[in-house]
Amino acid sequence: MITNKTDYKKAPKIELHCHLDGSLRPESVLDELKVIESENADLNVDKITELLTVPENCSSLVEYLSCFELPLMVMQTRRSIERFTYEVFQDASEENVKYLELRFAPILHTKLGLSLHEVIESSINGMNRAKADFGIEGGIILCCMKNYSEKAAIDTIKAGEKFIGKGIVGIDLAGPEDEGFAKKFIEAMKLARTLGYNITVHAGEAASGKNVYDAITLLGAQRIGHGIRINDSQNAYDIVKKNNILLEVCPTSNVDTNTIVNINLHPVIDYLKDGIGISINTDNRTVSNTTMTKELNLIDSVFGLDMDSYKKIYYNTVESSFASDEVKCRLKRNFEEYYHEFLGI
Ligand SMILES: [Zn+2]
(Lines give C-alpha, C1' and ligand atoms only; values in the text may rest on other atoms or scores of the structure.)
Protein backbone atom coordinates (compact mmCIF):
# COMPACT_ATOMS: atom_id res chain seq x y z
CA MET A 1 0.00 0.00 0.00
CA ILE A 2 1.26 3.46 -0.91
CA THR A 3 0.87 5.92 1.92
CA ASN A 4 2.92 8.97 0.86
CA LYS A 5 1.15 12.16 1.89
CA THR A 6 -0.81 13.37 -1.09
CA ASP A 7 -1.29 16.91 -2.28
CA TYR A 8 -4.79 16.68 -3.73
CA LYS A 9 -4.49 20.11 -5.29
CA LYS A 10 -1.89 18.64 -7.64
CA ALA A 11 -3.71 15.36 -8.27
CA PRO A 12 -5.88 15.16 -11.38
CA LYS A 13 -9.54 15.16 -10.42
CA ILE A 14 -12.90 14.33 -11.97
CA GLU A 15 -16.11 15.93 -10.77
CA LEU A 16 -19.51 14.53 -11.73
CA HIS A 17 -21.84 16.27 -9.29
CA CYS A 18 -21.63 20.06 -9.19
CA HIS A 19 -24.55 22.49 -9.39
CA LEU A 20 -23.95 25.63 -11.42
CA ASP A 21 -26.21 27.87 -9.34
CA GLY A 22 -24.59 26.72 -6.08
CA SER A 23 -21.09 27.44 -7.33
CA LEU A 24 -21.07 31.11 -8.36
CA ARG A 25 -18.26 33.53 -7.54
CA PRO A 26 -19.66 36.08 -5.03
CA GLU A 27 -17.89 38.99 -6.77
CA SER A 28 -19.56 38.05 -10.06
CA VAL A 29 -22.95 37.80 -8.37
CA LEU A 30 -22.39 41.32 -7.04
CA ASP A 31 -21.52 42.50 -10.56
CA GLU A 32 -24.65 41.01 -12.02
CA LEU A 33 -26.80 42.30 -9.20
CA LYS A 34 -25.64 45.83 -9.97
CA VAL A 35 -26.74 45.32 -13.57
CA ILE A 36 -30.29 44.39 -12.63
CA GLU A 37 -30.90 46.23 -9.37
CA SER A 38 -28.98 49.44 -8.85
CA GLU A 39 -30.53 50.14 -5.42
CA ASN A 40 -28.68 47.08 -4.14
CA ALA A 41 -25.39 48.54 -5.30
CA ASP A 42 -24.30 49.11 -1.70
CA LEU A 43 -24.08 45.36 -1.12
CA ASN A 44 -20.50 44.16 -0.81
CA VAL A 45 -18.73 40.88 -1.54
CA ASP A 46 -18.73 39.84 2.12
CA LYS A 47 -22.47 40.28 2.41
CA ILE A 48 -23.05 38.43 -0.87
CA THR A 49 -20.79 35.58 0.28
CA GLU A 50 -22.84 35.33 3.46
CA LEU A 51 -26.08 35.15 1.47
CA LEU A 52 -24.68 32.48 -0.87
CA THR A 53 -23.14 30.26 1.80
CA VAL A 54 -25.01 27.89 4.05
CA PRO A 55 -25.17 29.01 7.73
CA GLU A 56 -23.35 26.83 10.26
CA ASN A 57 -26.56 25.89 12.04
CA CYS A 58 -28.40 24.80 8.87
CA SER A 59 -30.82 22.06 9.85
CA SER A 60 -32.07 20.52 6.62
CA LEU A 61 -31.84 20.14 2.85
CA VAL A 62 -34.79 22.51 2.47
CA GLU A 63 -33.00 25.28 4.41
CA TYR A 64 -29.82 24.61 2.42
CA LEU A 65 -31.75 25.13 -0.81
CA SER A 66 -32.66 28.69 0.25
CA CYS A 67 -29.09 29.73 -0.67
CA PHE A 68 -30.10 29.43 -4.33
CA GLU A 69 -32.50 32.38 -4.37
CA LEU A 70 -29.90 35.03 -5.15
CA PRO A 71 -28.14 32.99 -7.86
CA LEU A 72 -31.44 32.44 -9.63
CA MET A 73 -32.15 36.18 -9.52
CA VAL A 74 -28.93 37.02 -11.39
CA MET A 75 -29.03 34.14 -13.88
CA GLN A 76 -31.94 35.12 -16.11
CA THR A 77 -30.05 36.38 -19.16
CA ARG A 78 -28.07 34.57 -21.84
CA ARG A 79 -24.99 36.61 -20.98
CA SER A 80 -25.04 35.90 -17.24
CA ILE A 81 -25.73 32.16 -17.69
CA GLU A 82 -22.81 31.93 -20.12
CA ARG A 83 -20.57 33.92 -17.79
CA PHE A 84 -21.27 31.87 -14.67
CA THR A 85 -20.91 28.57 -16.52
CA TYR A 86 -17.56 29.70 -17.90
CA GLU A 87 -16.37 30.74 -14.44
CA VAL A 88 -17.24 27.45 -12.72
CA PHE A 89 -15.31 25.52 -15.38
CA GLN A 90 -12.42 27.94 -14.95
CA ASP A 91 -12.42 27.56 -11.15
CA ALA A 92 -12.47 23.78 -11.49
CA SER A 93 -9.64 23.76 -14.00
CA GLU A 94 -7.51 25.94 -11.70
CA GLU A 95 -7.56 23.20 -9.07
CA ASN A 96 -6.70 20.52 -11.64
CA VAL A 97 -10.15 19.13 -12.30
CA LYS A 98 -9.67 17.50 -15.71
CA TYR A 99 -13.31 16.74 -16.41
CA LEU A 100 -16.43 18.36 -14.96
CA GLU A 101 -20.08 17.48 -15.39
CA LEU A 102 -21.90 20.64 -14.37
CA ARG A 103 -25.65 20.53 -13.76
CA PHE A 104 -28.50 22.99 -13.47
CA ALA A 105 -32.26 23.24 -13.97
CA PRO A 106 -33.02 25.30 -17.10
CA ILE A 107 -36.64 25.89 -16.05
CA LEU A 108 -35.47 28.04 -13.13
CA HIS A 109 -33.83 30.44 -15.60
CA THR A 110 -36.88 31.28 -17.69
CA LYS A 111 -38.41 33.85 -15.28
CA LEU A 112 -37.58 36.85 -17.50
CA GLY A 113 -38.65 35.26 -20.74
CA LEU A 114 -35.72 33.15 -21.95
CA SER A 115 -36.80 29.92 -23.63
CA LEU A 116 -35.49 26.59 -22.32
CA HIS A 117 -33.58 26.29 -25.58
CA GLU A 118 -31.85 29.66 -25.05
CA VAL A 119 -30.96 28.81 -21.45
CA ILE A 120 -29.42 25.48 -22.42
CA GLU A 121 -27.54 26.96 -25.37
CA SER A 122 -26.09 29.76 -23.20
CA SER A 123 -24.66 27.30 -20.69
CA ILE A 124 -23.11 25.22 -23.47
CA ASN A 125 -21.55 28.36 -24.96
CA GLY A 126 -19.98 29.19 -21.58
CA MET A 127 -18.64 25.67 -21.18
CA ASN A 128 -17.22 25.55 -24.70
CA ARG A 129 -15.45 28.86 -24.21
CA ALA A 130 -13.88 27.56 -20.97
CA LYS A 131 -12.87 24.29 -22.65
CA ALA A 132 -11.06 26.26 -25.35
CA ASP A 133 -9.38 28.63 -22.87
CA PHE A 134 -8.37 26.15 -20.14
CA GLY A 135 -8.23 22.69 -21.72
CA ILE A 136 -10.73 21.28 -19.22
CA GLU A 137 -13.21 18.72 -20.54
CA GLY A 138 -16.79 18.07 -19.50
CA GLY A 139 -20.48 18.28 -20.16
CA ILE A 140 -23.75 19.73 -18.89
CA ILE A 141 -26.43 17.71 -17.09
CA LEU A 142 -29.98 19.09 -17.23
CA CYS A 143 -31.86 18.89 -13.93
CA CYS A 144 -35.61 18.40 -13.78
CA MET A 145 -37.11 19.54 -10.49
CA LYS A 146 -38.85 17.01 -8.24
CA ASN A 147 -41.13 19.74 -6.87
CA TYR A 148 -42.34 20.65 -10.37
CA SER A 149 -44.76 18.63 -12.54
CA GLU A 150 -43.79 15.72 -14.74
CA LYS A 151 -44.87 17.90 -17.68
CA ALA A 152 -42.19 20.44 -16.73
CA ALA A 153 -39.61 17.64 -16.73
CA ILE A 154 -40.75 16.53 -20.17
CA ASP A 155 -40.42 20.11 -21.48
CA THR A 156 -36.80 20.24 -20.30
CA ILE A 157 -36.04 16.81 -21.74
CA LYS A 158 -37.45 17.81 -25.13
CA ALA A 159 -35.68 21.19 -25.13
CA GLY A 160 -32.30 19.54 -24.57
CA GLU A 161 -32.74 16.81 -27.18
CA LYS A 162 -30.94 18.57 -30.00
CA PHE A 163 -27.92 19.20 -27.77
CA ILE A 164 -27.38 15.56 -26.76
CA GLY A 165 -23.78 14.75 -27.59
CA LYS A 166 -23.18 18.43 -28.36
CA GLY A 167 -22.63 19.60 -24.80
CA ILE A 168 -25.49 17.91 -22.97
CA VAL A 169 -24.55 14.57 -21.44
CA GLY A 170 -27.42 13.63 -19.15
CA ILE A 171 -30.65 14.25 -17.25
CA ASP A 172 -31.05 14.52 -13.47
CA LEU A 173 -33.88 14.85 -10.98
CA ALA A 174 -33.04 17.37 -8.25
CA GLY A 175 -34.66 19.42 -5.48
CA PRO A 176 -36.35 18.50 -2.19
CA GLU A 177 -36.59 14.71 -1.76
CA ASP A 178 -39.93 13.11 -0.79
CA GLU A 179 -40.41 9.42 -0.10
CA GLY A 180 -41.55 7.67 -3.27
CA PHE A 181 -40.85 10.62 -5.63
CA ALA A 182 -39.75 8.31 -8.47
CA LYS A 183 -43.30 7.21 -9.31
CA LYS A 184 -44.14 10.74 -10.45
CA PHE A 185 -41.43 10.76 -13.16
CA ILE A 186 -41.64 7.33 -14.79
CA GLU A 187 -42.90 8.59 -18.18
CA ALA A 188 -40.50 11.56 -18.28
CA MET A 189 -37.45 9.41 -17.60
CA LYS A 190 -38.63 6.79 -20.06
CA LEU A 191 -38.72 9.52 -22.70
CA ALA A 192 -35.24 10.71 -21.67
CA ARG A 193 -33.82 7.20 -22.05
CA THR A 194 -35.54 6.75 -25.42
CA LEU A 195 -34.02 10.00 -26.69
CA GLY A 196 -30.56 8.82 -25.69
CA TYR A 197 -29.86 10.75 -22.51
CA ASN A 198 -27.79 9.29 -19.70
CA ILE A 199 -29.66 9.29 -16.39
CA THR A 200 -28.55 10.27 -12.91
CA VAL A 201 -31.00 10.91 -10.06
CA HIS A 202 -30.66 12.57 -6.65
CA ALA A 203 -31.89 9.91 -4.20
CA GLY A 204 -31.13 8.54 -0.75
CA GLU A 205 -29.92 11.93 0.46
CA ALA A 206 -32.65 13.46 2.66
CA ALA A 207 -34.96 10.42 2.41
CA SER A 208 -34.60 6.63 2.46
CA GLY A 209 -32.48 4.14 0.55
CA LYS A 210 -35.71 2.80 -0.95
CA ASN A 211 -35.74 5.92 -3.15
CA VAL A 212 -32.40 4.77 -4.60
CA TYR A 213 -33.86 1.37 -5.43
CA ASP A 214 -36.83 3.06 -7.13
CA ALA A 215 -34.59 5.46 -9.08
CA ILE A 216 -32.69 2.50 -10.51
CA THR A 217 -35.60 0.15 -11.14
CA LEU A 218 -38.33 2.64 -12.14
CA LEU A 219 -36.32 5.43 -13.75
CA GLY A 220 -33.27 3.65 -15.15
CA ALA A 221 -30.73 5.68 -13.17
CA GLN A 222 -27.16 4.80 -14.18
CA ARG A 223 -25.72 6.86 -11.33
CA ILE A 224 -27.15 8.17 -8.08
CA GLY A 225 -26.67 11.66 -6.68
CA HIS A 226 -25.63 11.09 -3.04
CA GLY A 227 -27.24 7.68 -2.35
CA ILE A 228 -25.59 7.57 1.05
CA ARG A 229 -28.75 6.17 2.69
CA ILE A 230 -28.46 2.83 0.84
CA ASN A 231 -27.38 1.37 4.17
CA ASP A 232 -31.00 1.52 5.38
CA SER A 233 -32.33 -0.64 2.52
CA GLN A 234 -30.80 -4.02 1.73
CA ASN A 235 -32.47 -4.01 -1.70
CA ALA A 236 -30.96 -0.64 -2.55
CA TYR A 237 -27.52 -1.66 -1.30
CA ASP A 238 -27.57 -4.91 -3.25
CA ILE A 239 -28.72 -3.42 -6.54
CA VAL A 240 -26.19 -0.58 -6.37
CA LYS A 241 -23.41 -3.08 -5.78
CA LYS A 242 -24.57 -5.70 -8.27
CA ASN A 243 -25.31 -3.25 -11.12
CA ASN A 244 -22.18 -1.20 -10.48
CA ILE A 245 -24.15 2.02 -9.97
CA LEU A 246 -21.80 4.86 -9.04
CA LEU A 247 -22.73 6.99 -6.02
CA GLU A 248 -21.93 10.67 -6.51
CA VAL A 249 -20.92 11.38 -2.91
CA CYS A 250 -20.69 14.98 -1.64
CA PRO A 251 -19.24 14.82 1.90
CA THR A 252 -19.36 18.47 3.05
CA SER A 253 -22.81 18.98 1.58
CA ASN A 254 -24.08 15.95 3.52
CA VAL A 255 -22.90 17.55 6.76
CA ASP A 256 -24.30 20.97 5.76
CA THR A 257 -27.77 19.53 5.07
CA ASN A 258 -27.62 17.56 8.32
CA THR A 259 -27.95 14.31 6.36
CA ILE A 260 -24.81 13.16 8.19
CA VAL A 261 -24.50 14.50 11.74
CA ASN A 262 -20.71 14.38 11.78
CA ILE A 263 -18.20 13.76 9.00
CA ASN A 264 -16.61 10.99 11.10
CA LEU A 265 -19.84 9.02 10.65
CA HIS A 266 -19.86 9.31 6.85
CA PRO A 267 -20.21 5.85 5.25
CA VAL A 268 -18.26 6.69 2.07
CA ILE A 269 -15.08 4.76 2.90
CA ASP A 270 -17.01 1.75 4.20
CA TYR A 271 -18.85 1.68 0.88
CA LEU A 272 -15.60 1.93 -1.06
CA LYS A 273 -14.05 -0.91 0.94
CA ASP A 274 -17.10 -3.07 0.30
CA GLY A 275 -16.80 -2.65 -3.47
CA ILE A 276 -19.44 0.05 -4.02
CA GLY A 277 -18.46 2.52 -6.77
CA ILE A 278 -18.10 6.00 -5.32
CA SER A 279 -16.97 9.37 -6.59
CA ILE A 280 -16.19 12.44 -4.50
CA ASN A 281 -17.82 15.75 -5.43
CA THR A 282 -18.48 19.27 -4.18
CA ASP A 283 -22.24 19.46 -4.88
CA ASN A 284 -22.16 23.27 -4.46
CA ARG A 285 -18.82 25.00 -4.35
CA THR A 286 -20.05 28.34 -3.00
CA VAL A 287 -22.98 27.22 -0.85
CA SER A 288 -20.75 24.70 0.95
CA ASN A 289 -17.61 26.86 0.68
CA THR A 290 -15.69 23.98 -0.83
CA THR A 291 -13.60 22.70 -3.74
CA MET A 292 -12.65 19.23 -4.97
CA THR A 293 -9.27 19.69 -3.28
CA LYS A 294 -10.96 20.47 0.05
CA GLU A 295 -13.29 17.47 -0.25
CA LEU A 296 -10.43 15.05 -0.92
CA ASN A 297 -8.29 16.57 1.82
CA LEU A 298 -11.24 16.24 4.20
CA ILE A 299 -11.73 12.56 3.42
CA ASP A 300 -7.97 12.04 3.69
CA SER A 301 -7.77 13.77 7.07
CA VAL A 302 -10.73 11.89 8.56
CA PHE A 303 -10.34 8.44 7.03
CA GLY A 304 -6.82 8.38 5.55
CA LEU A 305 -7.22 8.24 1.77
CA ASP A 306 -4.16 6.40 0.45
CA MET A 307 -3.14 6.69 -3.19
CA ASP A 308 -4.39 3.20 -4.10
CA SER A 309 -7.86 4.07 -2.82
CA TYR A 310 -7.79 7.38 -4.66
CA LYS A 311 -6.77 5.59 -7.84
CA LYS A 312 -9.76 3.28 -7.44
CA ILE A 313 -12.10 6.25 -6.93
CA TYR A 314 -10.62 8.09 -9.93
CA TYR A 315 -10.94 5.12 -12.29
CA ASN A 316 -14.47 4.26 -11.13
CA THR A 317 -15.44 7.87 -11.64
CA VAL A 318 -13.98 8.00 -15.16
CA GLU A 319 -15.72 4.75 -16.10
CA SER A 320 -19.10 5.96 -14.83
CA SER A 321 -18.79 9.46 -16.28
CA PHE A 322 -20.93 10.35 -19.28
CA ALA A 323 -17.80 11.14 -21.33
CA SER A 324 -16.98 9.58 -24.70
CA ASP A 325 -14.55 6.66 -24.81
CA GLU A 326 -11.93 8.95 -26.32
CA VAL A 327 -12.20 11.42 -23.41
CA LYS A 328 -12.16 8.56 -20.88
CA CYS A 329 -8.86 7.36 -22.38
CA ARG A 330 -7.35 10.82 -22.02
CA LEU A 331 -8.54 11.08 -18.42
CA LYS A 332 -6.95 7.75 -17.55
CA ARG A 333 -3.72 8.88 -19.19
CA ASN A 334 -3.79 12.05 -17.07
CA PHE A 335 -3.87 9.90 -13.97
CA GLU A 336 -1.15 7.50 -15.11
CA GLU A 337 1.21 10.41 -15.73
CA TYR A 338 0.52 11.82 -12.30
CA TYR A 339 0.79 8.40 -10.66
CA HIS A 340 4.24 7.76 -12.12
CA GLU A 341 5.40 11.15 -11.00
CA PHE A 342 3.92 10.54 -7.56
CA LEU A 343 5.74 7.23 -7.30
CA GLY A 344 8.91 8.85 -8.61
CA ILE A 345 9.34 6.41 -11.51
ZN1 LIG B 1 -26.85 17.79 -5.82
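The values are calculated or read from the model by the stated rules, or taken from the named source; none is laboratory data. Model, not experiment: these values are computed from the prediction. As a convention, Cβ positions derive from the backbone with ideal geometry for all residues, glycine included, and neighbour counts pool all protein chains shown. Remember, those area values only see protein heavy atoms, side chains included, never the ligands or the DNA or RNA. Shrake-Rupley method; radii C 1.70, N 1.55, O 1.52, S 1.80 Å.
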Query - Distance (nanometres) between label positions extended 7 Å along Cα→Cβ at K34 and R333 - result: 4.4
Query raised in the report: Can you count the Lys pairs in segment 30-161 whose Cα atoms are under 25 Å apart, with each pair 8 or more apart or on different chains?
Result: 8
**Report entry** Separation of the K111 and F134 label points, Cα + 7 Å toward Cβ, nm
**Finding:** 2.6
Report summary line: With S324 itself left out, Lys, Arg at +1 and Asp, Glu at -1 over residues whose Cβ is under 11 Å from its Cβ give -1
Query raised in the report: Dimensions of the chain along principal axes (Cα, Å, largest first)?
Result: 58, 43, 43
Query raised in the report: Hey, what number do you get for the chain at 222 nm if only DSSP H runs of n ≥ 4 count, each worth -39500 (n - 2.57), divided across all residues, to the nearest 500?
Result: -14000 deg cm²/dmol
Report task. Would you mind checking K10/K312; K210/K242; K210/K311 for any pair whose Cα atoms are more than 23 angstrom apart? Result -> K210/K311
Report task. With a 1.4 Å probe and every protein chain left in place, work out the accessible area per residue of the chain in Å², rounded to a whole number. Result -> 41
Requested in this report: Name the residue, out of N244, N289, N57, whose mean-square fluctuation peaks in a Gaussian network model built on the chain with Cα pairs under 10 Å.
Outcome: N57
Query raised in the report: Dipole of the chain, Cα-centred, from +1 at each Lys and Arg C-beta and -1 at each Asp and Glu C-beta, to the nearest 20 debye?
Result: 1060
Query raised in the report: Carbon-plus-sulfur fraction of the accessible area of the chain, 1.4 Å probe, in percent?
Result: 50
